[in-house]
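What follows is a single structure, written as structure tokens, with notes after it.
Please treat every number below as a calculation from the coordinates, not as lab data. Bear in mind the structure is a predicted one, so any value in this text is a computation, not a measurement. So basically every Cβ, Gly included, is an ideal-geometry build from the backbone, and we count neighbours across all protein chains shown.
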Amino acid sequence: RYWSSMLNLDCTINCGIWTPDDQLVYFGTSNGQLVVMDVHGAMMAQVEIANQIAITSMAWSCEKFKMEETDESQDSCLCAKYVLAVCLENGTVLLMKHYYD
């Protein structure tokens, strides 16, 4: 899908990343917004991270390895286990657990 072509933004999309559970995709824009879309291409949120400072890249923290058994069904939000690093054009790195942080 060409989700970025379906967006009506006054900026360009610089980067994108899927959430660890593959249910949402985050797009970082040239004006500092984070656009969140679901797997069907519906916009879930549009959040201003940094006013007019471009988001240049994003990366999720790596999976934590544990030597214990856990019940995966008790996990309400897989993404809460991860931290998203959002890098801005001015060199700032923001650490977020959710797009609304």
Exercise for the section: With a point put 7 Å past each Cα toward its Cβ, work out how far Ile17 is from Asp38 in nm, to one decimal. Expected result: 2.3
Problem - Whole-Hz couplings from phi, Karplus 6.51/-1.76/1.60, listed for the range 82-94; x for Gly and Pro - result: 10, 10, 9, 9, 10, 9, 9, 4, 7, x, 6, 10, 9
Handout entry: Whole-Hz couplings from phi, Karplus 6.51/-1.76/1.60, listed for the range 48-56; x for Gly and Pro
Key = 7, 8, 8, 5, 6, 10, 4, 8, 9
Fill in the blank from the handout: Amide H contacts under 5 Å for Cys15, restricted to residues at least 5 apart in sequence or on another chain and with H modeled in the peptide plane, are Gly28
Problem - Ranked list, fewest to most other Cβ atoms within 10 Å of each Cβ, for Met58, Met44 - result: Met44, Met58
